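What follows is one structure encoded as structure tokens, with my remarks underneath.
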Amino acid sequence: MEKKRGVGGVRTCVTCLAAAFVAVVLVGFAPARAYADGTSATVTPDTSVADIQAAFNGNDTIVFKKGDYSDVSITVTGKKVVVPEGVVKFTYTKPQNAFVLSDGSSLTIGDGTPGKSIEIEGASNGVYSNNSSVAFVLAPYTEFWVRDSVMNADATTGNGISMNGKGEYSVTAQKGSTLKLTDNKAGIYNFGSNSDAGAGYGSITVLLTQCKLVDLSGVKGKGGGSGFHQGDGYSVNADIEINGCDEVRMNGNQTDAVCFNDGTDVSKLKILNCPHVEMKDNGRWGTNGGYVTIEDSKVDISKNGEDSWSSTGSNLFCAELTAKNSEINADDAGANCGIWVDES
């Protein structure tokens, strides 16, 4: 937390100067103080992680001064708003989850003012939750970028956003925002349960509306390396809507652009009013399953399924396809079909 430093008037008195010197010394060696309950707190790159956590525990809004922060790992309870002042960057000497969302919590990044961003590099996950019902919101005109997350033996690590197990999850990005989850194991990852297939063990809703840019590209987790990867372990329902976004990229992923695994009751992908969507050059599939709707949009979903060991990868595979007033390029399917609709 920022330490307030008062500025006194100009004095020539020796006694006053000595008193001022003592005051400065006392301030410099004052112990870190806990945050009282309040509305807002401000932290700086010099604030300890413990004090940043205290700021979250005691306030609704936490303002991050611009600069570089090291090894920040915060548990979020209740409804919290993080406001970066300018460009804020988190880096890690060892992988940790940057933000851990507790059950019933919500985390909003930004306050709708342009020019504010958070970049997270080298974490375990940018945002993480398990067996919880939580919400992540990217405010208008704000940038959130998670890259180069580190994966260990646990599939729920190494992702941009990782929401897993039993719960109702939501990810929302609003007008003019930039959501970049690139060069991770997966962009948005959702692990269900290893049993009870088809039981609706969890659900995730992704709503991206009028974003400036959505980029879920370059992810590299073999078998789980999709821009959006849902349902490893089965039993997760997913509903994704991308509506009115200027540019969407899900390219060059090791697995799919969007992966809907088995064991779900309903998985939906809607692309609406989007002039430039790319879902190409992925190792296996462009889309893998689900009910797909494309309206008033231009989608390049070509050159997928080029991984040499993938015998089934196609460009656009789904249980049901609805396309209206749109242009879809599904050329150059590497292993199988350009468009394959099969509800069996």
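The values are calculated or read from the model by the stated rules, or taken from the named source; none is laboratory data. Keep in mind that this is a model prediction, so the values were computed, not measured. FYI the Cβ positions are ideal-geometry reconstructions off the backbone, even for glycines, and counts take in every protein chain you see. Accessible surface areas use protein heavy atoms only, side chains included; no ligands, DNA or RNA. Shrake-Rupley method; radii C 1.70, N 1.55, O 1.52, S 1.80 Å.
Listed values, structure above:
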| quantity | calculated |
| --- | --- |
| Selection from segment 63-72 of residues that are surrounded by fewer than 19 Cβ atoms within 10 Å (Cβ to Cβ) and in contact (Cβ under 8 Å) with a residue 40 or more places away in the chain | Lys65 |
| The listed residue being closer than 18 Å to Thr75 by Cα and in contact with an Asp or Glu (Cβ under 7 Å, 6 or more places away or on another chain), out of Ser162, Ser170, Ser133 | Ser133 |
| Val171, sole failed condition from (1) open to solvent by less than 10 Å² (accessible area, probe 1.4 Å); (2) in contact (Cβ under 8 Å) with a residue 40 or more places away in the chain | (2) |
| Positions within segment 103-134 being within 18 Å of Gly192 (Cα to Cα), open to solvent by 10 Å² or more (accessible area, probe 1.4 Å) and under 11 Å from the mean Cα position of the chain (by Cα), in sequence order | Tyr128 |
| All positions within segment 135-157 that are part of a strand (DSSP E or B), open to solvent by less than 10 Å² (accessible area, probe 1.4 Å) and not aromatic (Phe, Trp, Tyr) | Leu138, Thr142, Val146 |
| Every residue from segment 281-305 that is open to solvent by 50 Å² or more (accessible area, probe 1.4 Å) and assigned to a loop (DSSP other than H, G, I, E, B) | Asp281, Arg284, Asp296, Lys303 |
| Selected residue [under 22 Å from Thr44 (Cα atoms) and not aliphatic (A, V, I, L, M)] from Ser105, Ser73, Ser149 | Ser73 |
| Test: residue in segment 310-323 that is more than 28 Å from the chain's Cα centre (by Cα), farther than 13 Å from Asp256 by Cα, part of a loop (DSSP other than H, G, I, E, B) and modelled with pLDDT of 95 or more | no |
| Selection status of Asp60, charged (D, E, K, R), open to solvent by 50 Å² or more (accessible area, probe 1.4 Å), within 15 Å of Ile118 (Cα to Cα) and modelled with pLDDT of 95 or more | no |
| Selected residue (only one of Thr15, Thr93 is of a type in the set (S, T, N, Q), open to solvent by 60 Å² or more (accessible area, probe 1.4 Å), modelled with pLDDT under 95 and not in a strand (DSSP E or B)) | Thr15 |
| Matching residues in segment 208-238 - criterion: being more than 12 Å from Ile188 (Cα to Cα), touching a Lys or Arg at 6+ places or on another chain (Cβ under 8 Å), open to solvent by 10 Å² or more (accessible area, probe 1.4 Å) and modelled with pLDDT of 95 or more | Thr209, Gln210, Leu213 |
| Pairs with Cβ under 6 Å, 6+ apart, first in segment 31-56 and within 18 Å of Tyr92 (Cβ to Cβ) and in a loop (DSSP other than H, G, I, E, B), second of a type outside the set (Phe, Trp, Tyr) and modelled with pLDDT under 95 | Thr47/Met1 |
| Residue, farthest from Asn251 (Cα to Cα), within segment 164-181, restricted to residues that are in a strand (DSSP E or B) and over 10 Å from the mean Cα position of the chain (by Cα) | Glu168 |
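So that you can scan it fast, the table gives a plain yes or no per residue for (1) under 13 Å from Glu121 (Cα atoms); (2) at pLDDT below 95:
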| residue | (1), (2) |
| --- | --- |
| Asn152 | no, yes |
| Ala155 | no, yes |
| Gly160 | yes, no |
| Lys166 | no, yes |
| Ser170 | no, no |
| Ala173 | no, no |
| Gly176 | no, no |
| Lys180 | yes, no |
| Ile188 | no, no |
